[in-house]
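The values are calculated or read from the model by the stated rules, or taken from the named source; none is laboratory data. Just so you know, these numbers come straight off a predicted model, no measurement behind them. Using ideal geometry, Cβ is built from the backbone for each residue, glycine included, and neighbour counts are taken over all protein chains shown. Just so you know, the surface numbers come from the protein's heavy atoms only, side chains and all, with ligands and any DNA or RNA stripped out. Shrake-Rupley method; radii C 1.70, N 1.55, O 1.52, S 1.80 Å.
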Amino acid sequence: FQNNMSTAYYPEMLSTGVLLALALSHLLVFLSLREKAYLYLTLFILSWLLFFMAGTGMGNMLIWGNVPWFSLRANTIFLILMCSTFILFTMAFLESRSETPRLHQAGQLFVALWLIHLVITGLTGSVLRIYINQGLSLATLIFVAVLAIGGVARGSRTARLFLASWIFLLCGTALMLLISMYLIDVQLVLATSTVSVLFSASILLWSFELTGRLKARAGEQRRLLEAQVAARTADLEQALREVKTLSGLLPICSCCKKIRDDKGYWSSVEHYLIQRTDAMLTHGICPDC
């Protein structure tokens, strides 16, 4: 039994290590670039890991110990945090604030309901929280699906990729529900490892897309900057070609004010300036004259 358990935990340990590394890297990216999608994905990863550890009992053994109040509410608390951060990540990933403002407001309302449920869970020990969990979880799934399918209908490549990646997470969620409803034999210890791997697959794909989007945005900014520099350089070169300046000592007659050029010829000031600059001269009479 111990050999089987240690073998079963290998995928969980591997996926946990990968997810922790992703969470750390995403947090560093957020701190440097202030991209909210990275922050929300980091919080979702951590919430999922804690929820998974609470469900398998590893949380009691390794992190928070056997605290009766928290042990009874750990699953609900981490489910609330997981669903809330997942909604926020989905809206940031699909850019709902600019694309679908009304759905973005609906998403904020869902997050507020989850947080109210968190307060109720902390203050009461009612079994009613289980039914609230189920109702809000189903509503969250429907909202995310509507948000993503709407993006696909608008031709969004990001929405298509989100849905394709979300399939793994949905399969993991379905498997987790089957385990919790005892429809899958609990002796199949690899089932929980499969859930962890499926969740990790979705998170990895979303992380790759965020990285690709960041690189594309950096490339666009670099190309825009290069175009601006090229345009400014062209303007400066054109200005230098058009500008003609007079410099050095100019020999000028103290009587008639004619100027001597390099060849020794004397010419009027007007003729000298017209030949060597782009200035156009006009004549008038000063008050003294």
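In this structure the stretch 8-106 gives 50 Å² per residue of accessible area when probed at 1.4 Å with all protein chains present. Against the chain, whose longest principal axis is taken from its Cα atoms, helix 128-153 shows a tilt of about 40°.
When the Gaussian network model of the chain links Cα atoms closer than 10 Å, the mean-square fluctuations of N133, N66, N75 top out at N66.
Among S96, S84, S267, the largest mean-square fluctuation in a Gaussian network model of the chain (Cα springs under 10 Å) belongs to S267.
In degrees from 0 to 90, rounded to the nearest 10, what is the angle of the helix 101-123 Cα long axis to the longest principal axis of the chain? The angle comes out near 40 degrees.
Spin-label model, L170/M58: points 7 Å from Cα along the beta carbon direction are separated by 2.7 nm. Of K263, K36, the residue with the largest accessible area leads and the full order is K263, K36 (1.4 Å probe). On the beta carbon distance between Q238 and Q105, with R0 = 41 Å, the FRET formula returns roughly 0.20.
On C-alpha positions alone, give me the angle between the axis of helix 190-242 and the longest principal axis of the chain, in degrees, nearest 10. That helix lies at roughly 0 degrees to the long axis. Name the residue from Q105, I167, L204 whose Cα lies farthest towards the positive end of the charge dipole of the chain, charges +1 on Cβ of Lys and Arg and -1 on Cβ of Asp and Glu. In the chain, that residue is Q105. With r defined as the distance between the Cβ atoms of T124 and V67 and R0 fixed at 25 Å, what FRET efficiency is calculated, to the nearest 0.05? The value I calculate is 0.90. Of the accessible area of the chain, computed with a 1.4 Å probe over protein heavy atoms only, carbon and sulfur atoms account for 67 percent.
Once P(r) over Cα pairs in 5 Å bins from 0, in percent is calculated for the structure shown, the corresponding label among [x] 1, 4, 9, 12, 12, 11, 8, 6, 4, 3, 2, 2, 2, 3, 3, 3, 3, 3, 3, 2, 2, 1, 0, 0; [y] 1, 5, 9, 12, 12, 11, 10, 8, 8, 7, 6, 4, 3, 2, 1, 1, 0, 0, 0; [z] 1, 5, 12, 16, 18, 17, 13, 9, 5, 3, 1, 0, 0 turns out to be [x].
Across all Cα pairs in the stretch 54-117, the calculated P(r) in 5 Å bins from zero up to the longest distance comes to 4, 17, 22, 15, 12, 11, 8, 7, 4, 0 percent per bin.
Stretched out straight at 0.36 nm per residue, the stretch from L281 to Q134 would grow longer than its current Cα-Cα span by 44.2 nm. Only the Cβ atoms of Lys and Arg (+1) and of Asp and Glu (-1) were treated as charged; on that basis the dipole of the stretch 4-134 about its Cα centre amounts to roughly 260 debye.
Considering only L178, L28, L224, the Gaussian network model of the chain with Cα springs below 10 Å gives its largest mean-square fluctuation to L224. In a simple Cβ point-charge model (Lys, Arg +1; Asp, Glu -1; nothing else charged), the chain has a dipole of about 260 debye relative to its Cα centre. Rolling a 1.4 Å probe across all protein chains gives F70 an accessible area of roughly 50 Å². Extension gain for the segment A216 to R34, taken as residue separation times 0.36 nm less the Cα-Cα distance, is 63.9 nm to one decimal. Label-to-label distance, S254 versus V229, with points set 7 angstrom from Cα along the beta-carbon direction: 5.5 nm.
Rounded to the nearest 20 debye, what is the charge dipole size of the stretch 59-164 about its Cα centre when +1 sits on each Lys and Arg Cβ and -1 on each Asp and Glu Cβ? Dipole size: approximately 140 debye. Considering only A54, M91, A230, whose Cα is most displaced toward the positive end of the charge dipole of the chain, charges sitting on Cβ of Lys, Arg (+1) and Asp, Glu (-1)? Result: A230, furthest along the dipole toward the positive end.
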